[in-house]
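So the structure is just underneath, and the comments pick up after that.
The values are calculated or read from the model by the stated rules, or taken from the named source; none is laboratory data. Treat the numbers as computed from the prediction; the structure is a model and nothing was measured. Reconstructed Cβ throughout: ideal geometry from the backbone, glycine too, with neighbour counts over all protein chains shown. Just so you know, the surface numbers come from the protein's heavy atoms only, side chains and all, with ligands and any DNA or RNA stripped out. Shrake-Rupley method; radii C 1.70, N 1.55, O 1.52, S 1.80 Å.
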Amino acid sequence: MNQLKKLLIIGSVWPEPNSSAAGTRMLQLIALFKEEGFVVTFASPAMDSDFMVDLELDRVDKKTITLNCSSFDIFVEELNPSVVLFDRFMMEEQFGWRVSENCPDALRLLDTEDLHCLRVARQKAFKEKRPFMEVDLFLEEVAKREIASILRCDLSLMISEYEMDLLTEIFKIDSLLLFYLPFLVDPLNSKDLVKLPSFEERKNFVFIGNFLHEPNWNAVQYLKETIWPLIKKELPEAVLNISGAYPSQKVLQLNNIKEGFIIKGRVADANEVVQHARLVLAPLRFGAGIKGKLLEAMQCGTPSVTTSIGAESMHGDLPWNGFITDDPEVFVNEAVLLYEDEKLWLQAQQNGIYIINNRYLSGLFEDDFKKKVIGLQSNLRQHRLNNFMGSLLQYHTLKSTKYMSMWIEEKNKKY
């Protein structure tokens, strides 16, 4: 991987590690490539935000690009990257054909973050008050777009084993086009535990999540209407602190001191908040990917109660960092039990540490990822020949995307 020198990341947004797990994930990927001597350029059509990371401090070149504009062609041809990483399939749709035309030898990677089509299909099923079925995936337009993007890329980075299985078994994607790369963290040991607040030093419950993400907003509503009133009845002195970036007015108006339901909004240090809570509540009823909030809870030594969606693909066959249930009454009972029983709480904490050390350590994945990239670059022509459906989609789908983009560019010109 040392022979690779230039990485271009095309992001849908600028990384905000203090706002979402996706921002943290992106910085992990940047660090992986930089360790191998890459010069990294991060480009995005998004507006700057107050909470975006200062990329220049991390020695990453920042470039604002424009949708449906040939200025990108000039930029990418001059940059001539060895590897292009698309942040989510929408960026591959917009810029993939331009990369393919101007830098045909660049390795094209897609970071899916999560399967958008899975999240959308589950959300639709939830709103229709029926169970999600895998056949729902075939009915979503976003599935057709997302799967096409995966096929057009040389490799897609997957964060969830369940989603990898969906792609290979349901959509018949060749496993050689996929690579499992979850969140990457440092190991935890007994010395790290000693530094964390003890059971007695902690109090109250916490939910944390970016409110621009619909599953988080839905979970907060569920907590407010169903879960929290029942917990509060059992634990009258307890407080639930709701933290997260971008709370709208409809979120803020749920604040109720009398009920112990406190909307904190954005916090400067999420780790500090989670470390001092005794329990994380995450009653997610739809969604996809793996949940950064629950991995963060494990890192902070904080047990959690969540749903099957929340814990999906996170712990394998290992015991959970607390409890998993989709039944609201059981959810409440187990939250109260875990909150009050120190012995049970300590065991849950140990479970979380074991999950981290056996499933998320950087050392478990870094070398294999580097070898994968090297192998693809040295054998890219044959890899693409083996992916006939991808080349077919390059020929047809990107032609339509290309000419739509050119039409929009021409339409936007002022004569």
Just need a number here: residues in the range 187-210 that are outside any helix (DSSP H, G or I) and more than 14 Å from the chain's Cα centre (by Cα). 16
Hits in the range 121-145 (condition: assigned to a helix (DSSP H, G or I) and not charged (D, E, K, R)): 121, 123, 125, 126, 135, 137, 138, 139, 142, 143
Return the residues of the range 62-94 that are crowded, with 19+ Cβ neighbours inside 10 Å and at positive phi; say none if nothing qualifies. 88
Looking at (1) open to solvent by 10 Å² or more (accessible area, probe 1.4 Å); (2) closer than 25 Å to residue 123 by Cα, find the lone condition where residue 239 falls short. (2)
For the range 324-336, indicate whether the set of residues that are open to solvent by less than 10 Å² (accessible area, probe 1.4 Å) and either part of a loop (DSSP other than H, G, I, E, B) or of a type in the set (Lys, Arg) (or both) is non-empty. no
Consider the range 146-186. How many of its residues are farther than 18 Å from residue 22 by Cβ, out of contact with any strand residue (DSSP E or B) (no Cβ under 6 Å at 6 or more places or on another chain) and in a loop (DSSP other than H, G, I, E, B)? 5
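Which ones in the range 33-91 are acidic (Asp, Glu) and not in a strand (DSSP E or B)?
Kept after step one, since they are acidic (Asp, Glu), are these residues of the range 33-91: 35-36, 48, 50, 54, 56, 58, 61, 73, 77-78, 87.
Scanning the range 33-91 gives 35, 36, 48, 50, 54, 56, 58, 73, 77, 78.
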Per-region count, the range 10-61, residues of a type in the set (A, V, I, L, M, F, W, C), closer than 22 Å to residue 157 by Cα and open to solvent by 30 Å² or more (accessible area, probe 1.4 Å): 5
Which residue pairs have Cβ atoms closer than 6 Å, lie 6 or more positions apart in sequence or on different chains, and pair a first residue in the range 103-129 that is among the small types (Gly, Ala, Ser) with a second residue that is surrounded by 20 or more Cβ atoms within 10 Å (Cβ to Cβ) and assigned to a loop (DSSP other than H, G, I, E, B)? 106/81
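For the range 363-373, which residues satisfy the criterion of being of a type in the set (A, V, I, L, M, F, W, C) and crowded, with 16+ Cβ neighbours inside 10 Å?
Quick first cut of the range 363-373, residues of a type in the set (A, V, I, L, M, F, W, C) only: 364-365, 369, 373.
Answer for the range 363-373, where residues must be of a type in the set (A, V, I, L, M, F, W, C) and crowded, with 16+ Cβ neighbours inside 10 Å: 365, 369, 373.
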Inside the range 123-143, the number of residues satisfying the requirement of being under 12 Å from residue 167 (Cα atoms) and either among the charged types (D, E, K, R) or touching a strand residue (DSSP E or B) at 6+ places or on another chain (Cβ under 9 Å) (or both) is 1
Just give me the residues in the range 340-362 being among the hydrophobic types (A, V, I, L, M, F, W, C) and either surrounded by 18 or more Cβ atoms within 10 Å (Cβ to Cβ) or closer than 19 Å to residue 197 by Cα (or both), in sequence order. 344, 345, 346, 348, 353, 355, 356
Only residues that are open to solvent by less than 30 Å² (accessible area, probe 1.4 Å) and within 20 Å of the chain's Cα centre (by Cα): list them for the range 243-264, please. 243, 244, 245
Test each condition in (1) open to solvent by less than 20 Å² (accessible area, probe 1.4 Å); (2) touching a Cys at 6+ places or on another chain (Cβ under 7 Å) for residue 158 and report the one that comes out false. (2)
